[in-house]
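Let me begin by presenting the structure, written as structure tokens, before commenting on it.
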Amino acid sequence: AIYYKSDDTWYVCNSTLDFKHHIYLWSRVHLILADGAKMSVTGTEKNKAAIKNDYKLSIYDQSTGDNMGSLTATGVSAGIGGNGSVTINGGEVTATGYNGIEAPNVTINGGKVTATATGENGYGIYGSDITLGWNSANGSINATNYGINGTGSVKTTDGKMLKYTDGNSQTVKLMGTLDADAIAAIAGKELTPYGYGGYCGNS
């Protein structure tokens, strides 16, 4: 395993990195995925996340184009998990485990995010507060399902609207805090930006 303890540190992945073990983060970590970079982390130990984050993990892309860097995290309990918050600002991020991404607070501000649950009762994204958003036209979010711990919520970023296509090929728009029916409806759906380029209001 690799341990990162230095406080408030920035890292850049600018090549192909393939970690065949767990990574433990015990401090605030900022990870930039450079264009064309490919980082993968595979953890095989029981009840452990591939990337175990116990403070704050923030992921960024260098740019939002088709060549954006990628991070693939595959673990047993989670792809990315732990007691710390997870913020994804960009990059092509794929997390797979019993829960795909598991954290008290999960915030997606941008990038192409895929979170896959492998457990029978697992969640693609699981947390107390889950915030979904976008910062470019090619952003997307796709999770097996969404689980809330305690009295938390699933909501969209203030002023941002997402959309998906339902079973009748109708466009459904999402904005604000989602109720239980909406949370169930977006399971396994690709969420994409609606109204890119400006605030949409409620219409």
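The values are calculated or read from the model by the stated rules, or taken from the named source; none is laboratory data. These numbers come from a predicted model, not from an experiment. Because the Cβ atoms are built from the backbone with ideal geometry, glycine has one as well, and the counts that use them run over all protein chains shown. Surface areas here come from the heavy atoms of the whole protein model, side chains and all, with no ligands, DNA or RNA. Shrake-Rupley method; radii C 1.70, N 1.55, O 1.52, S 1.80 Å.
Against the definition (crowded, with 16+ Cβ neighbours inside 10 Å, within 21 Å of Gly124 (Cα to Cα) and not charged (D, E, K, R)), how does Val93 come out, yes or no?
yes
All conditions but one from (1) within 13 Å of the chain's Cα centre (by Cα); (2) open to solvent by less than 60 Å² (accessible area, probe 1.4 Å) apply to Met161; the one that does not is (1).
Pairs are defined by a Cβ separation below 7 Å, a sequence spacing of at least 6 or placement on different chains, a first member in the range 96-123 that is free of Cβ contacts under 8 Å to residues at least 40 places away in the same chain, and a second member that is open to solvent by less than 10 Å² (accessible area, probe 1.4 Å) and of a type in the set (D, E, K, R); no pair meets this definition. In this structure, Tyr98 does satisfy being modelled with pLDDT of 95 or more and open to solvent by 50 Å² or more (accessible area, probe 1.4 Å). Strands (runs of 3 or more DSSP E) fully within the range 94-203 that include at least 2 residues being under 30 Å from Glu45 (Cβ atoms) and not basic (Lys, Arg): 99-102, 105-108, 112-117, 125-132, 140-143, 146-156. Within the set Val113, Val172, Val154, the sole residue that is modelled with pLDDT of 95 or more and under 22 Å from Ser63 (Cβ atoms) turns out to be Val113. Yes or no: the range 77-84 includes at least one residue that is of a type outside the set (Gly, Ala, Ser), outside any loop (DSSP other than H, G, I, E, B) and touching a residue at least 40 places away in the same chain (Cβ under 8 Å). No, every residue in the range 77-84 fails to be of a type outside the set (Gly, Ala, Ser), outside any loop (DSSP other than H, G, I, E, B) and touching a residue at least 40 places away in the same chain (Cβ under 8 Å). Return yes when Asp66 is open to solvent by 10 Å² or more (accessible area, probe 1.4 Å), in contact (Cβ under 8 Å) with a residue 12 or more places away in the chain and assigned to a loop (DSSP other than H, G, I, E, B) and no when it is not. Answer is yes for this residue.
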